[in-house]
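Any read-out appearing in this document is the output of simple, stated calculations on the displayed coordinates, not a laboratory observation. If you're wondering where the values come from, they're calculated on a predicted model, not measured in any experiment. Counting neighbours? That spans all protein chains shown, and the Cβs are built from the backbone with ideal geometry, glycine included.
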Amino acid sequence: MSSNYLRIIADLPDWTPDGPRAEQLGAAAQEMFGARSAEVTSGDRGEIVFLDQGEWFEGISCPNCGAAVDTAWWGERMDTAAENGFTDLSVTTECCGSATSLNDLVYRKPAGFARFVIEVRELDKTYADDTSVAALEQIAGRPLRQVAARY
Ligand SMILES: [Zn+2]
């Protein structure tokens, strides 16, 4: 049996909310998604993790020129970054020599890096609506990103 996950993460991989804000985010997510999903959890993973798309991986491209990023090249950069706990995500693309980061490459579907993760399992749709995300962003005080995955 496969499962769907929606992860809501901050734009900055190493961002974590303080205690009260983390509690508020968890409570708000529970209120928004609790009745429409199998499980809602949230918390600081203790280190930066990569949230992938599982079966929904389609490809990666350059944020500057749009060229496809070679997945073997990407895999090597991921291995190197993992050795440092994903604290340094900077890369220079092969296609046009752009200085960017592994977090800023264009993933389809979206993916990203984060410490603090709100996770909703088996939500009744793939992504949360804009109103819910805006409400969570208001609490977080940061732009948030949605990463949907199926395993
Ligand atoms: Zn490029």
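Summary table
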| item | result |
| --- | --- |
| Enumeration of residues in segment 16-52 that are assigned to a loop (DSSP other than H, G, I, E, B) and surrounded by 15 or more Cβ atoms within 10 Å (Cβ to Cβ) | THR16, PRO17, SER37, ASP52 |
| Total residues in segment 1-15, condition in contact (Cβ under 8 Å) with a residue 60 or more places away in the chain and either assigned to a loop (DSSP other than H, G, I, E, B) or among the acidic types (Asp, Glu) (or both) | 7 |
| Residue count, segment 100-127 (criterion: within 14 Å of the ligand (Cβ to nearest atom) and under 28 Å from MET32 (Cβ atoms)) | 2 |
| Count of segment 53-64 residues which are among the hydrophobic types (A, V, I, L, M, F, W, C) and either assigned to a strand (DSSP E or B) or closer than 16 Å to ASP104 by Cβ (or both) | 2 |
| Enumeration of residues in segment 76-99 that are free of Cβ contacts under 8 Å to residues at least 40 places away in the same chain, out of contact with any helix residue (DSSP H, G or I) (no Cβ under 7 Å at 6 or more places or on another chain) and away from the ligand (no atom under 16 Å from the Cβ) | GLU76, MET78, ASP79, THR80, ALA81, ALA82, GLU83, ASN84, GLY85 |
| Residues that are among the polar types (S, T, N, Q), touching a residue at least 24 places away in the same chain (Cβ under 8 Å) and more than 19 Å from GLN146 (Cα to Cα), drawn from segment 29-75 | ASN64 |
| Matching residues in segment 54-63 - criterion: being surrounded by fewer than 13 Cβ atoms within 10 Å (Cβ to Cβ) and within 15 Å of the ligand (Cβ to nearest atom) | GLY59 |
| Criterion (of a type in the set (Gly, Ala, Ser) and within 16 Å of the chain's Cα centre (by Cα)) met by exactly one of GLY46, GLY19, GLY26 | GLY46 |
| Meets criteria (at positive phi and within 16 Å of the ligand (Cβ to nearest atom)) for GLY66 | yes |
